[in-house]
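Report on one structure; see the data block that follows.
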């Protein structure tokens with residue numbers, strides 16, 4: 001187990017990290033972090049913004065993943081409450097409403113039988129009206145990259161890698177370039193030169209995700225053109241091969257490391273080193289289901305980054 005460092009050590013560790021390295025977690029409403037991240041007791045609901053305010057004071061956290069917006073866009077009141085809770089310039093990585101990224105309906109939330117084509121798949125007008133405009137109006141000082149997470153698209157849907165790249169090209173061509181966008185895939189076969197070319201054309205980042213059926217982060221880092229934008233995003237979610245529901249059951253309440261993954265940590269450290277060389281911001285979001293506790297994993301990776309930098313400097 002990797003215990004969290006003491007507060008003074010955390011502060012010192014944070015000061016030594018590269019300024020463009022932005023660690024954070026995938027969401028933040030975890031009661032199991034009491035005594036580590038949170039010092040107060042919070043009710044089970046209704047305290048999201050208050051928890052976010054305390055979250056942002058943790059020394060290693062420089063960003064946060066807003067995951068709830070995958071299920072529905074945040075309204076003006078929610079965005080305003082988050083903005084009030086966060087310090088100036090604290091940028092968040094927001095998942096985009098799945099109404100825009102779902103190729104075929106598979107969710108009972110949309111009251112379909114499943115399998116029907118989604119008419120709003122990559123609908124730029126819906127994204128602009130429901131997602132981007134409210135954020136720019138109520139959350140501008142805290143709006144970082146928007147992550148378009150594409151759940152696995154079945155081969156039976158008939159969407160080829162080239163077809164997917166072409167759809168992305170048409171979609172991002174309709175969006176204002178002032179905002180930051182990133183694409184997260186669950187189809188490894190879509191990791192092709194046309195995909196990376198489209199991202200590069202529109203200054204869109206590829207999300208380096210550690211996920212059940214995706215190549216490792218280290219393998220993705222080695223792909224030509226994988227750093228396609230003037231910033232990068234990583235989402236460290238799961239050990240490849242493990243299902244999400246398995247990790248949820250095994251790791252709750254997320255207060256300690258339960259499955260250390262040194263290889264994954266090294267891969268993330270390599271990604272960070274590449275971002276530092278390129279002089280681009282790196283948003284590194286860690287999920288509790290990666291090793292058991294996102295804050296502990298972040299602390300371990302932060303130490304590894306500094307250790308590798310010291311070793312490289314001594315050569």
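The values are calculated or read from the model by the stated rules, or taken from the named source; none is laboratory data. Computed from a prediction, not measured in an experiment: that's the story for all the values here. Cβ placement follows ideal geometry from the backbone for every residue including glycine, while neighbour counts extend to all protein chains displayed.
How many residues does segment 35-55 contain that are buried (at least 19 other Cβ atoms within 10 Å of the Cβ), out of contact with any helix residue (DSSP H, G or I) (no Cβ under 7 Å at 6 or more places or on another chain) and under 27 Å from residue 18 (Cβ atoms)?
Counting residues in segment 35-55 that are buried (at least 19 other Cβ atoms within 10 Å of the Cβ), out of contact with any helix residue (DSSP H, G or I) (no Cβ under 7 Å at 6 or more places or on another chain) and under 27 Å from residue 18 (Cβ atoms) gives 1.
Filter segment 139-163 for residues that are more than 21 Å from the chain's Cα centre (by Cα) and touching a residue at least 24 places away in the same chain (Cβ under 8 Å) and give the result.
154, 157, 159, 161, 162
Can you go through 256, 213, 243, 200 and tell me which one is surrounded by 14 or more Cβ atoms within 10 Å (Cβ to Cβ) and farther than 25 Å from residue 35 by Cα?
200
Filter segment 224-239 down to the residues that are surrounded by 17 or more Cβ atoms within 10 Å (Cβ to Cβ) and part of a loop (DSSP other than H, G, I, E, B), then identify the one that is modelled with the lowest pLDDT.
Only one residue tops the list, namely 239.
So if I check each of 284, 272, 280, 298, which one is in a loop (DSSP other than H, G, I, E, B), closer than 23 Å to residue 205 by Cβ and under 18 Å from the mean Cα position of the chain (by Cα)? Quick ask: steps written out before the conclusion?
Numbers: 284 fails: in a loop (DSSP other than H, G, I, E, B); 272 fails: in a loop (DSSP other than H, G, I, E, B); 298 fails: in a loop (DSSP other than H, G, I, E, B).
Only one candidate qualifies: 280.
What do you reckon, is residue 151 closer than 21 Å to residue 284 by Cα and assigned to a loop (DSSP other than H, G, I, E, B)?
The answer is yes for residue 151.
I'd like the full set of residues that are in a helix (DSSP H, G or I) and in contact (Cβ under 8 Å) with a residue 40 or more places away in the chain, limited to segment 164-186.
Applying the first criterion (in a helix (DSSP H, G or I)) to segment 164-186 yields 164-172.
Across segment 164-186, the qualifying residues are 167, 168, 170, 171.
I'm trying to understand the selection: among the residues of segment 185-213, which are in contact with a strand residue (DSSP E or B) (Cβ under 9 Å, 6 or more places away or on another chain) and closer than 15 Å to residue 240 by Cα?
185, 186, 208, 209, 210, 211
If you take the residues in segment 100-129 that are modelled with pLDDT of 95 or more and not in a loop (DSSP other than H, G, I, E, B), which one is nearest to residue 173 (Cα to Cα)?
Taking the candidates together, the pick is 124.
Looking only at segment 72-85, decide whether some residue is touching a strand residue (DSSP E or B) at 6+ places or on another chain (Cβ under 6 Å) and either closer than 29 Å to residue 117 by Cβ or surrounded by fewer than 19 Cβ atoms within 10 Å (Cβ to Cβ) (or both).
Just the residues of segment 72-85 that are touching a strand residue (DSSP E or B) at 6+ places or on another chain (Cβ under 6 Å), to begin with: none.
No: segment 72-85 contains no residue that is touching a strand residue (DSSP E or B) at 6+ places or on another chain (Cβ under 6 Å) and either closer than 29 Å to residue 117 by Cβ or surrounded by fewer than 19 Cβ atoms within 10 Å (Cβ to Cβ) (or both).
Restricting to segment 1-16, what's the tally of residues that are crowded, with 16+ Cβ neighbours inside 10 Å and either without any contact (Cβ under 8 Å) to a residue 24 or more places away in the chain or under 19 Å from the mean Cα position of the chain (by Cα) (or both)?
The number of residues fulfilling the criteria is 0.
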